[in-house]
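The values are calculated or read from the model by the stated rules, or taken from the named source; none is laboratory data. Everything numeric here is computed off the predicted structure, so don't read it as measured data. Here the Cβ positions follow ideal geometry from the backbone for every residue, glycine too, while neighbour counts run over all protein chains shown.
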Amino acid sequence: MLYNGEIFEGKHEPIITKKLFDSVQEVMMRKSKPHSKGLKPFLYRGFFRCGECGCFITTETQKGHNYLRCTKRKNPCSQKYTREEIITSEIQKEIKKVSLPDDWAKWMIAENAKDRQSEVQSSTLFADNTKAEISLLDSKIEKLMTAYLESALSLEEYRDAKSALVVSKQFLKEKLSAFEQKANNRFELTEKFLKFNVELANEEVNGEKIRLLQKVGSNFEIKDRTVLFEPRGAWKTLLDSGFGGGNALVSRLRRDPISASKNDFQFWRCVLDKVRMHFEQNPDESY
């Protein structure tokens, strides 16, 4: 902070964190949405759009069953009615594609905890050295003040020298803060993501599951009685890693994880590393 020609360190702390601010904004947005009275609490109300024409999908009850259909408000559309049970089954299939098997997720959670502990131990030296450099700069700033008060330095010389030291100190403080945040956040966010994965994969399809699914992807559509959506964030990273199947290794591991070999665990480790790298590059993403 520059004041009266001299640089001073900012001492104020933010009242709340950005993460808390964003969470509050999300809650306020949900509460601000009007809730229509008298509408039936259909499971997929307002969740899907038509994959053919882009109109909203609505739900209605006929002969004791719920059916989803395109509202067809924009253009002619060839999409037909679909039973709600079929869509629920489709969602379960899609969740399986983008979620880790329970034993894989638990293994990764345990490995992530081990890696985090190892990281803490190895990063202590860096943090201590940086703090020592900051302390040394504090001493130099104090000596400058003493020299100025004793008339050993002119005001201009004092200000120039102090400004250089304050800038160096601020750089080190930001470097230390970024290092600590980066080191802690990527492990913490990875753990939360993996636990969220377990929660998503193990629950039945209900209102809460639909809310969780909205964190997984966007642009949820129904076309030809098939559920389509775009995975985002860490889920896209997970899917792109190849864990979802389609090759002999993954298919075998899903069938019989107990018999996994050393090479198999290397595959799991690769998936874990890719997820953690995602959170290192996207520290504001949360679950």
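Key figures for this structure:
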| quantity | calculated |
| --- | --- |
| Hits in the stretch 132-154 - residues which are assigned to a helix (DSSP H, G or I) and either touching a Leu at 6+ places or on another chain (Cβ under 9 Å) or of a type in the set (D, E, K, R) (or both) | GLU133, ILE134, LEU137, ASP138, LYS140, ILE141, GLU142, LYS143, LEU144, ALA147, TYR148 |
| Residue in the stretch 70-81 that is out of contact with any strand residue (DSSP E or B) (no Cβ under 6 Å at 6 or more places or on another chain), surrounded by 13 or more Cβ atoms within 10 Å (Cβ to Cβ) and closer than 30 Å to GLN214 by Cβ present | yes |
| Inter-residue pairs, beta-carbon under 8 Å, first under 30 Å from ALA127 (Cα atoms) and in the stretch 144-171, second surrounded by fewer than 14 Cβ atoms within 10 Å (Cβ to Cβ) and modelled with pLDDT under 90, 6+ apart | ARG159/GLY5; ARG159/GLU6; LYS162/GLU6; SER163/GLU6; VAL166/PHE8; VAL166/GLU9; LYS169/GLU9; GLN170/GLU9 |
| Index of the failed condition, VAL227 passing every other in (1) at pLDDT 90 or above; (2) closer than 30 Å to ILE95 by Cβ; (3) loosely packed, with under 14 Cβ neighbours inside 10 Å | (3) |
| Count of residues meeting criterion [of a type outside the set (Ser, Thr, Tyr) and farther than 30 Å from PHE179 by Cβ] in the stretch 130-158 | 8 |
| Within the stretch 192-224, considering residues that are acidic (Asp, Glu) and modelled with pLDDT under 85, the one nearest to THR71 (Cα to Cα) | GLU208 |
| Scope the stretch 88-125; condition crowded, with 18+ Cβ neighbours inside 10 Å, small (Gly, Ala, Ser) and in a helix (DSSP H, G or I); matching residues | ALA105 |
| Residue match in the stretch 75-89 (condition: farther than 30 Å from ASN206 by Cβ and either at pLDDT below 85 or of a type in the set (Gly, Ala, Ser) (or both)) | yes |
| Residues (of a type in the set (Asp, Glu) and at pLDDT below 85) located in the stretch 169-191 | GLU180 |
